[in-house]
């Protein structure tokens with residue numbers, strides 16, 4: 001009986017964990033513990049487009065508080081993932097312009113998960129790779145991201161809130177509102193969110209709830 005419970009429980013954990021649908025990795029991609037993302041110039045240059053530095057850029061450096069979220073982001077949708085008898089997490093998707101993530105190059109997007117169960121960092125990493133395979137990705141497309149995530153992610157306790165904030169070429173991770181690291185990449189954030197937002201996601205009902213009226 002206990003053996004059957006463990007199998008079902010691990011299946012539930014498998015279904016809820018992060019995934020990165022990585023399409024390319026550039027030599028300059030790196031993850032590091034840092035709270036300083038401010039730039040001296042009044043404009044941040046991204047490709048051929050200059051995005052104005054806003055008040056949000058300064059505020060998101062180290063803390064991601066509820067006040068910042070309410071003042072600067074528009075909620076697109078919320079969804080709870082439950083598997084069999086277990087509630088796994090509650091998730092929310094927000095953007096600064098109220099549009100679908102990555103529809104504007106200067107847009108900030110915020111994805112948050114409030115965990116309702118304990119999950120180890122190793123489980124996050126192992127099952128992330130499994131979810132990439134679910135999206136039929138070649139190993140060369142995602143293996144380079146695993147060491148970067150391993151440096152950032154921590155063991156998750158029930159009640160913890162893990163947040164991913166993105167603005168074009170930077171993806172920041174927060175645990176309970178505190179910055180725990182970042183990945184600098186032009187493609188990471190979008191491919192990371194594909195596990196929920198891609199049409200081939202393993203949780204299509206979750207996708208519809210997260211995107212809400214934006215689709």
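Could you check the simple spin-label distance between residue 150 and residue 121, using points 7 Å along Cα→Cβ, in nm with one decimal?
Modelled inter-label distance: 1.1 nm.
Going highest first, how would you order 200-208, 168-176 by mean Cβ packing within 10 Å?
168-176, 200-208
If the chain between residue 78 and residue 203 were fully stretched, how many nm would it gain, using 0.36 nm times the residue separation less the Cα-Cα distance?
Answer, rounded to one decimal: 43.7 nm.
So what is log10(I(q)/I(0)) for segment 104-215 at q = 0.15 1/Å, when the Debye sum runs over its Cα atoms only?
After summing over all Cα pairs, the log10 values are -0.70.
Using a Förster distance of 35 Å, how high is the FRET efficiency between residue 157 and residue 133, based on the Cβ-Cβ distance and rounded to 0.05?
Taking R0 as 35 Å, the efficiency between residue 157 and residue 133 is 0.80.
How large is the Rg to Rh ratio of segment 129-192 when both quantities use alpha carbon positions and Rh follows Kirkwood?
Ratio value, two decimals: 0.98.
Each value in this text was obtained by applying a stated rule to the coordinates, not by laboratory testing. Keep in mind the model is a prediction, meaning the values are calculated, not measured. For neighbour counting, all protein chains shown are included, and Cβ atoms are generated from backbone atoms with ideal geometry for every residue, glycine included.
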